[in-house]
Amino acid sequence: MPGKNFNPTRSCHEPKHHVLPVQPIGFSMNISTFDLFKVGIGPSSSHTVGPMIAANRFAAYLHDAGLLDAVHAVRVELYGSLGATGKGHGSDKAVLLGLEGNLPDNIDPDHVEPRLAEIRSSKKLLLNGSHAIGCVEKEHVLFFRREALPQHPNGMRFVALDAAASVIAEKEYYSVGGGFVVSKEGQRVNLVQAGSVQSEGDLPYPFHSGDDLLRMCAESGLTIAALMMENEKHWRSAEEVRTKLLGIWDVMAAAVKRGCSIDGELPGPMRVKRRASELYRQLKERSEESFTDPLSMLDWVNLYAMAVNEENAAGGRIVTAPTNGAAGVLPAVLHYYTKFIPGSNKDGVMTFMLTAAAIGLIYKENASISGAEVGCQGEVGVACSMAAGALAAVLGGTPEQIENAAEIGMEHNLGMTCDPVGGLVQIPCIERNAMGAVKAINAARMALRGNGKHYVSLDNVIKTMMQTGADMKTKYKETSRGGLAVNVIEC
Ligand code: SF4
């Protein structure tokens, strides 16, 4: 679903530079926990997961329209942030594999590079998995670094060509953050992912803001997590929700485990060294230090977050939470809960995930979870806010304390820019997730020391985040044209 800054009504005749409107334009759509927490592959939800889904949908459209056999080639045009940093984020690989019919939740990460090598050497790809077409990357995957489509900074145009190079079909899609994709017409198209929600309808607790959520909790006597579960039961049984949610947790835990076991370098010219495995060995070997250093727990939280984000940077299997770039924060804080909090259990994991989702959905509906729209405050900032509220919940917080924790988690990320060095989701992203996780733990602790009363509401901080993102220069919004990206020399 688009954030409220997505404007399908804006004319294509407007200037090509992107201007973010701050006023909401009235999108309101039911989103499930499982639309927010999606199994995907790295390194980016907006630049890898979204483009793969869009390409998959275009190929399916050609098939459904009976056009597949006439297609000789497909030209993919990537605009705005996708044009500027898509190369480093693997957008080119994602669209090629998406055109072949793959989706982020079912593609085997180990299959990616071998299949790409075949496409490149044969100069052919299998459109929708069956129809061979020509594919010469420099002709058929084009990066428009300085141009944006009018409706969103992450725009894509897919053009199907026949043997005479005439256009058979053309579609535009927008990757609006967190793996959500919408068509030019404003339709959400990413619900084709396996197990995603297919229907809309009236939820028992249709909250659209933090204030709504608190009011509904007070009126119903439900916790935030229980209220979310009631909404999820609109789509599937409580048992199915539990099974799926614990399955998502398993994928998060597997990413931590895998990240802790792999040495070497991350992809890309910077040759960034993977650090999680070495840190893991250090912490295991020197566990006695934990008895003398009361903050050694932070080393572990850092480890969990970095392990996930190194996996993400390497194109591995992770969960968008709410994005790939910020995928390490929630698993790190959830590991903190399961490893360091006495009495932690699977019910607590469920409470954590449902509470985090409730908070994330408010951001998705009222602001943005896209670094290309609002900077990193919309990615690591939102993940920190979600994790802070979720941790407060499993530590026994009231709905008011949970809302307070979520607010603190964002308040102190306001203005955080997105300036990935080399256009890769590595620096500052990997360490930033560790910082986001630690900040979330502190936010939960601060909120739990109070009674839930506070000056800045979650809704106010979300509105402020959105306005700050609108004021932020484009060079700080996932274009790698400002900040660290221009002050750190790639070697
Ligand atoms: S700086 Fe933040 S928003 Fe930008 S790519 Fe990295 S994690 Fe994502």
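The values are calculated or read from the model by the stated rules, or taken from the named source; none is laboratory data. All values derive from a computational prediction rather than experimental measurement. When we count neighbours, we look across all protein chains shown, and the Cβ atoms used for this are built from the backbone with ideal geometry, even at glycine.
Ala470 passes every criterion in (1) small (Gly, Ala, Ser); (2) in a helix (DSSP H, G or I); (3) under 23 Å from Ala226 (Cβ atoms) apart from (3).
Evaluate region 480-489: report whether one residue or more is in contact with a Leu (Cβ under 8 Å, 6 or more places away or on another chain), within 16 Å of the ligand (Cβ to nearest atom) and either in contact (Cβ under 8 Å) with a residue 60 or more places away in the chain or farther than 21 Å from Thr33 by Cα (or both). No, the conditions are met nowhere in region 480-489. All of (1) at pLDDT 95 or above; (2) within 24 Å of His152 (Cβ to Cβ) hold for Ala440 with one exception: (2).
Being among the aliphatic types (A, V, I, L, M), assigned by TED's automatic domain parsing to the domain that holds Gly316 and either farther than 20 Å from Asn309 by Cα or within 16 Å of the ligand (Cβ to nearest atom) (or both) is true for just one of Ala388, Ala392. Which residue is that? Even if it seems obvious, please write down each step before you answer.
Working: Ala388 fails: either farther than 20 Å from Asn309 by Cα or within 16 Å of the ligand (Cβ to nearest atom) (or both).
Among Ala388, Ala392, only Ala392 is among the aliphatic types (A, V, I, L, M), assigned by TED's automatic domain parsing to the domain that holds Gly316 and either farther than 20 Å from Asn309 by Cα or within 16 Å of the ligand (Cβ to nearest atom) (or both).
Just checking, does region 362-369 include any residue being within 16 Å of the ligand (Cβ to nearest atom), touching a helix residue (DSSP H, G or I) at 6+ places or on another chain (Cβ under 8 Å) and closer than 30 Å to Met270 by Cα? Within region 362-369, one or more residues are within 16 Å of the ligand (Cβ to nearest atom), touching a helix residue (DSSP H, G or I) at 6+ places or on another chain (Cβ under 8 Å) and closer than 30 Å to Met270 by Cα. When region 34-77 is filtered for residues that are of a type outside the set (Lys, Arg) and part of a strand (DSSP E or B), the ones remaining, listed by number, are Val39, Gly40, Ile41, Ala73, Val74, Val76, Glu77. Scanning region 55-76 for residues that are closer than 15 Å to Leu97 by Cα and either outside the structural domain of Arg188 (by TED's automatic domain parsing) or touching a Lys or Arg at 6+ places or on another chain (Cβ under 9 Å) (or both) yields a total of 4. Mind listing whichever residues of region 392-448 are among the hydroxyl-bearing types (Ser, Thr, Tyr) and touching a strand residue (DSSP E or B) at 6+ places or on another chain (Cβ under 8 Å)? Listed by number, the list holds a single entry, Thr417. Scoring Arg275 on the criteria (1) in contact with a Cys (Cβ under 7 Å, 6 or more places away or on another chain); (2) closer than 28 Å to Gly177 by Cα leaves a single failure, condition (1). Residue pairs whose Cβ atoms lie under 9 Å apart, separated by 6 or more positions or on different chains, with the first residue in region 85-99 and at positive phi and the second away from the ligand (no atom under 16 Å from the Cβ), are Gly90/Val112. I'd like to know if region 418-436 contains one or more residues that are part of a helix (DSSP H, G or I), under 20 Å from Leu36 (Cβ atoms) and either more than 10 Å from the ligand (Cβ to nearest atom) or not assigned by TED's automatic domain parsing to the domain that holds Asp471 (or both). No, every residue in region 418-436 fails to be part of a helix (DSSP H, G or I), under 20 Å from Leu36 (Cβ atoms) and either more than 10 Å from the ligand (Cβ to nearest atom) or not assigned by TED's automatic domain parsing to the domain that holds Asp471 (or both).
For region 27-66, filtered to residues that are out of contact with any helix residue (DSSP H, G or I) (no Cβ under 8 Å at 6 or more places or on another chain) and over 19 Å from Ala357 (Cα atoms), the residue that is farthest from the ligand (Cβ to nearest atom) is Gly66.
For (1) loosely packed, with under 14 Cβ neighbours inside 10 Å; (2) among the aromatic types (Phe, Trp, Tyr), each residue gets a yes or a no:
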{"site": "Val95", "(1), (2)": "no, no"}
{"site": "Leu103", "(1), (2)": "no, no"}
{"site": "Ile107", "(1), (2)": "no, no"}
{"site": "Lys123", "(1), (2)": "yes, no"}
{"site": "Asn128", "(1), (2)": "no, no"}
{"site": "Gly134", "(1), (2)": "no, no"}
{"site": "Arg145", "(1), (2)": "no, no"}
{"site": "His152", "(1), (2)": "no, no"}
{"site": "Phe158", "(1), (2)": "no, yes"}
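From the list Met410, Met472, the lone residue that is assigned by TED's automatic domain parsing to the domain that holds Glu219 and either surrounded by fewer than 18 Cβ atoms within 10 Å (Cβ to Cβ) or out of contact with any helix residue (DSSP H, G or I) (no Cβ under 6 Å at 6 or more places or on another chain) (or both) is Met472. Counting just the residues of region 301-350 that are away from the ligand (no atom under 13 Å from the Cβ) and of a type in the set (Val, Ile, Thr), which one comes out farthest from the chain's Cα centre (by Cα)? Across region 301-350, the extreme among qualifying residues is Ile341. Identify the residue in region 78-90 that is in a helix (DSSP H, G or I) and more than 13 Å from the ligand (Cβ to nearest atom) and, among all such residues, is nearest to Phe58 (Cα to Cα). My answer is Gly83. A Cβ distance below 7 Å, combined with a sequence gap of six or more or placement on separate chains, defines the contacts here; from region 364-378, residues that are surrounded by fewer than 24 Cβ atoms within 10 Å (Cβ to Cβ) and assigned to a loop (DSSP other than H, G, I, E, B) reach no residue that is at pLDDT 95 or above and not acidic (Asp, Glu).
Residues of region 447-467 that are buried (at least 17 other Cβ atoms within 10 Å of the Cβ) and part of a helix (DSSP H, G or I): Ala447, Leu448, Leu458, Asp459, Val461, Ile462, Thr464, Met465, Met466.
Within region 370-385, the only residue that satisfies the criterion of being more than 9 Å from the ligand (Cβ to nearest atom) and among the acidic types (Asp, Glu) is Glu373.
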